[in-house]
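Throughout, read-outs are computed from the coordinates displayed, never taken from laboratory work. Treat the numbers as computed from the prediction; the structure is a model and nothing was measured. Cβ sites come from the backbone with ideal geometry, for glycine too, and all protein chains shown count toward neighbours.
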Amino acid sequence: MDELSNQYGYTKDVMTASDGSLKGVSWQGCPGVLIYNREIAKDVWGTDDPAEVGAKLDSWDKYYAAAAEVQAKGYLMQSTTNDSFRVYSNNASKLWVENDTLQIDDGIMEWVDKSKAMVDAKQTTTADLWSDDWNKGMYPDGKTFCYFGPAWLINFSMHADDAESVAAKGGWGACEGPMGFYWGGTWIAAAKGTDNPALIADIMRKMTTDETIMTDIVKKDNDFVNNKPAMEKAATDDSYAFAPLGGQNPLGMFAAGADKIVLKQSAYDQGCNEEFQKAMKNYFDGNASKEEALSQFYKAVKEKYPELNVPE
Amino acid sequence: MKNGKSGTIVRYNRWAYIFLIPFMVVFIVFQLIPLVNTIYNSFFEHYMSGLKEIGPNFAGLANYGELFKGGDLLKYFGNTMIMWILGFIPQILVSLILGAWFSDPSLRLKAQPFFKTVIYLPNLIMASAFSMLFFTLFADTGPINQLLTGLGVFKEAYSFMSHVGSVRGLVAAMNFLMWFGNTTILLMAGMLGIDTALYEAAEVDGATSSQVFTKITLPLLKPILIYVMITSLIGGLQMFDVPQILTNGSGDPMRSSMTLIMFLNKHLFSKNYGIGGALSVCLFFITSILSFIVFRINNAGDN
């Protein structure tokens, strides 16, 4: 276990079984930040400096006030309502399911009310995450102010390889945003009955503990890796700057975020998160009242997890 | 009756049974056993919660009760029928016209094989790919919206996936596009089977072309029409892939485009054999009843 002492705690908690044994390891850390479009920031506030823009977005109240300013200039604040969902759901104080009973956190209900207001004010849309409409904001034509995401989103999903995209021109900036959160991650685990246990152990060890290999991943792929001391060191080193972020080095922000991640999960989270966003889209689109959308959510959860108690 | 003759009949019968074996084996293994199994499963509580298996516990008619509670089943049946009818009406009309034109020798249509191939082509594309294509075409920032806002038809992008009418309309349009070629070929085959002497006689008697169509073509086409209607109805009740992909499995807005099979699919997330079985049994009865009604209506005038 000492070998893994440099890794972030949550990456190990995820993979720890109920009997306390570790089942897999990760080379990645996935704390999220708010990624904003520098050009739009300049247009709205006359500055694209991460510290100054960050100060305008460091609480939800300021964020929604900023959304109105951004909208007044003809931009969307965020691409879809689902962009901010993860930020709220990661910070929920209640789990989706406790004692086999479904419950909804107050923070998530706040997301519902705020998102509805945003949709009505045309500050965002109701498209699905990963859809073409969602992707649109990664290009200048999309006129979208910000996305919420971890390092892998910046590198793998913002179309930095396409010369037309905002990322290719280094047009994004990063700041901490209203709340810390995390998104996803990749873990390596050995398959049961493998013929090459020694080889696999070696790959896992090298990928997740070797500092040279890990810092190389950061330099080449703009990812954030699971190595506390190395990342804290790299945070002040300009050679680790992210090209899509216009030369900003966000590693310090990520390192601070990764340290704060506390896992609070139930086995039903994925299903509940998905169904909740799907059901609420009906409310945002004006096809249902909030109560109708909620009862649709309860219905969908009961279908997925028949053993749960849900409100009627 | 002599012994020898009845012996021959018995021997012929034996051959018939032997020839039936391949069909019966396939039917029993792939149809009858699953059918009985489904009915049996519908009386049990049996599903998975993650990796944990719950049941099977005998539950009597509880699954059916759960299914009919709240009237959702009726709503999904309604959605299915609305989307089927919206697609089937243009499908049968267009197919009848095209079939009549293709089979009418006096029109001397050129390049018939080309057109017959082209109208059949949409059916060769996978339904899910076709649906994905429509999803992209009709996205908020997709080409259709760009075109319509560019032409000034809409002031801002129309959200096709957020309105009941447009989602159902798109599903119906896709089903129509995919199946009218197939129906045309079937109806044309039926029309070509009608004795041309009848048409000549009608022409001699001075019948107009609409009279020929309604008094000769349609009545003689009835067996094929019944076949087309019943197969299309059963296919319509089993409608799944097109709306499933178009709405990302949600059947939204507010499940107004959720079909019965999409509802069944919802219960397969938890491998819920009980409710799934009960729903399948209901579907079996609905299909039988509707097919029987179609059959009776089409045969009503015969006696």
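General observations
- Relative contact order [Cα under 8 Å, 6+ residues apart], segment A:168-287, whole percent: 29
- Long hydrophobic helices in chain B: the complete DSSP H runs spanning 24 Å or more by Cα along their own axis with mean Kyte-Doolittle hydropathy of at least 0.0 are B:3-27, B:72-103, B:164-192, B:218-237, B:273-299.
- Peptide B:83-95 - average C-beta neighbours from other chains (10 Å radius): 0
- Simple spin-label estimate for residue B:211 and residue A:186 gives 7.6 nm between the two label positions (7 Å along the Cα-to-Cβ direction from each Cα).
- Taking all pairs of distinct alpha-carbon atoms in segment B:3-58, Kirkwood radius in angstrom: 14.9
- Per residue of peptide A:130-137, the mean number of Cβ atoms on other chains within 10 Å of the residue Cβ is 4.
- Ordered by the number of other Cβ atoms lying within 10 Å of each residue's own Cβ, fewest first, A:43, B:140 fall into the sequence A:43, B:140.
- When each of B:271, A:56 is scored by the number of other beta-carbon atoms lying within 10 Å, the sequence from fewest to most is B:271, A:56.
- Ordering A:15, B:24 by the number of other Cβ atoms within 10 Å of each residue's own Cβ, fewest first, gives B:24, A:15.
- Within chain B: Cβ-based charge dipole about Cα centre, in debye rounded to nearest 20 (Lys, Arg +1; Asp, Glu -1): 720
- Divided by 2.2 N^0.38 Å, where N counts the residues, the Cα radius of gyration of segment B:44-202 comes to 1.54.
- Dipole moment magnitude, nearest 20 debye, the protein assembly as shown about Cα centre, only Lys, Arg, Asp, Glu C-beta charged: 2620
- Largest to smallest principal axis extent of the C-alpha atoms in chain B, angstrom: 82, 72, 34
- When chain A is treated as a Gaussian network with alpha carbon springs shorter than 10 Å, the biggest mean-square fluctuation among A:241, A:68, A:189 belongs to A:189.
- Available extension along the chain between residue A:5 and residue A:120 is 36.6 nm, counting 0.36 nm per residue and deducting the alpha carbon span.
- Under 5 Å, built H, 5+ apart or other chain: amide partners of residue A:125: A:80, A:81
- Spatial extent of segment A:118-157: Rg and Dmax, with the Cα atoms as the point set, Å: 10.8, 32
- Kirkwood Rh and Cα Rg combined as Rg/Rh, the protein assembly as shown: 1.07
- A simple count of charges around residue B:67, restricted to other residues whose Cβ falls under 14 Å of its Cβ and scoring Lys, Arg +1 and Asp, Glu -1, yields +1.
- Estimated inter-spin distance, residue B:197 and residue A:206, nm [label 7 Å along Cα→Cβ]: 8.6
- Only the Cβ atoms of Lys and Arg (+1) and of Asp and Glu (-1) were treated as charged; on that basis the dipole of segment A:29-134 about its Cα centre amounts to roughly 200 debye.
- Peptide B:263-270 shows a mean partner chain C-beta count of 3 within 10 Å per residue C-beta.
- Simple rule: put +1 on each Lys or Arg Cβ and -1 on each Asp or Glu Cβ in chain B, find the dipole, and look at B:254, B:179, B:86; the Cα lying farthest toward the positive end is B:179.
- Normalised by the number of residues in chain B, the mean separation of alpha-carbon contacts (under 8 Å, six or more apart) gives a relative contact order of 30 percent.
- Positive-end residue of A:24, A:134, A:44, charge dipole of chain A with Cβ unit charges: A:44
- Residue-count net charge about residue A:237 - beta-carbon cut-off 14 Å; Lys, Arg +1, Asp, Glu -1: -2
- Under Karplus coefficients 6.51, -1.76 and 1.60, residue-wise ³J(HN,Hα) of segment A:268-277 in Hz, glycine/proline x: 9, 4, 4, x, 5, 4, 4, 5, 5, 5
- An ellipsoid equivalent to chain A, defined through the eigenvalues of its Cα gyration tensor, has semi-axes of 32, 29, 16 Å when rounded to whole angstrom and sorted largest first.
- Of the residues A:165, A:85, A:15, the one whose Cα sits farthest towards the positive end of the charge dipole of chain A is A:165 (charges of +1 on Lys and Arg Cβ, -1 on Asp and Glu Cβ, taken about the Cα centre).
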